[in-house]
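In what follows, a single structure is set out as structure tokens and then discussed.
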Amino acid sequence: MAQNDHSHLHGSCSCGTFSFKTRKAPAARFVCHCLFCQDFTGEAFSDVSVLMGYQIEMKGTADLIHKKYRLPPNLNRALCAKCGKPAMETMGAGPLKLVFVPSKSFVEQKMLPPVRLHVFYNRRVADVADDLPKYSHYWPSQFAITKTIMGF
Ligand SMILES: [Zn+2]
Ligand SMILES: [Zn+2]
């Protein structure tokens, strides 16, 4: 079960059917206000931490329901079949595959990077009172996400 290994982070969906362990702390974290994220999470926005596919080990993926939204963005979003909560999202394939995990699913909250930016801010349900950069609309949001993931 949950081992206390400080070189790894771990977490799960709210019922624990889907769980994960990462090889390192996520490098990027952002908040997305788009309508797909609102629908997927059932919340005003989605706070996700990003890992490369090879940096995360996942269990319970057979119990996930994959939700397709009209493209773009080209994300495969998966909900837990039992608790109905977001499990993770993936984008891309092979060595370039990215995994987006809801930040609140992590046990080690203190090891997560701070939220770096807001995207699709034009779709926000409510204004956010922080000093972080806020990007609106598709291309500015996509570029900002790419930049933060690539560490520019
Ligand atoms: Zn669950
Ligand atoms: Zn979104």
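The values are calculated or read from the model by the stated rules, or taken from the named source; none is laboratory data. Since the model is a prediction, treat every value here as computed from it, not as a measurement. Please note: Cβ atoms are built from the backbone with ideal geometry, for glycine as well, and neighbour counts cover all protein chains shown. Accessible surface areas use protein heavy atoms only, side chains included; no ligands, DNA or RNA. Shrake-Rupley method; radii C 1.70, N 1.55, O 1.52, S 1.80 Å.
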Distance (nanometres) between label positions extended 7 Å along Cα→Cβ at R23 and K97: 1.3 nm
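Per residue Cα convex hull volume for region 8-65, in cubic angstrom? Numbers along the way, then the final one.
On the way: hull volume 5.6 nm³, N = 58.
Expressed per residue, the convex hull around the Cα atoms of region 8-65 is 96 Å³.
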Amide N proximity, region 89-110 versus N74 label position 7 Å along Cα-to-Cβ, cut-off under 18 Å: 89-100
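Could you pull out the pairs from K68/K134; K67/K110; K110/K134 whose alpha carbons sit more than 28 Å apart here? Numbers along the way, then the final one.
Details: K68/K134 26 Å; K67/K110 30 Å; K110/K134 23 Å.
From the list (K68/K134; K67/K110; K110/K134), the Cα-Cα distance tops 28 Å for K67/K110.
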Per the charge dipole of region 10-150 (beta-carbon charges, Lys/Arg positive, Asp/Glu negative, Cα centre), the residue among V99, C13, F30 reaching farthest to the positive end is V99
What's the angle, to the nearest 10 degrees (0 to 90), between helix 138-150's Cα axis and the longest principal axis of the chain? 40 degrees
Mind checking the dipole of region 10-150: about its Cα centre, +1 per Lys or Arg Cβ, -1 per Asp or Glu Cβ, Debye to the nearest 20? 300 debye
Rg/Rh for the chain, where both radii come from Cα atoms and Rh is the Kirkwood radius: 0.94
Where the accessible area of the chain is counted over protein heavy atoms with a 1.4 Å probe, how much of it, in %, is carbon and sulfur? 57 percent
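Over the chain, with the other protein chains present, what is the accessible area per residue in square angstrom, probe 1.4 angstrom?
Numbers: 8650 Å² over 152 residues.
For the chain, the solvent-accessible area averages 57 Å² per residue.
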Would you please give the residues with an amide H less than 5 Å from that of S49, counting only those at least 5 places away or on a separate chain, with H modeled from the backbone geometry? V101, S103
Towards the positive end of the charge dipole of the chain, with charges on Cβ (+1 Lys, Arg; -1 Asp, Glu), say which of Y121, G151, W139 has the farthest Cα. W139
Calculated from DSSP H runs of 4 or more alone, at -39500 (n - 2.57) each and per residue, what is the 222 nm mean residue ellipticity of the chain, nearest 500? -4000 deg cm²/dmol
For peptides 58-64, 104-110, 20-26, sequence by mean Cβ density within 10 Å, most packed first: 20-26, 58-64, 104-110
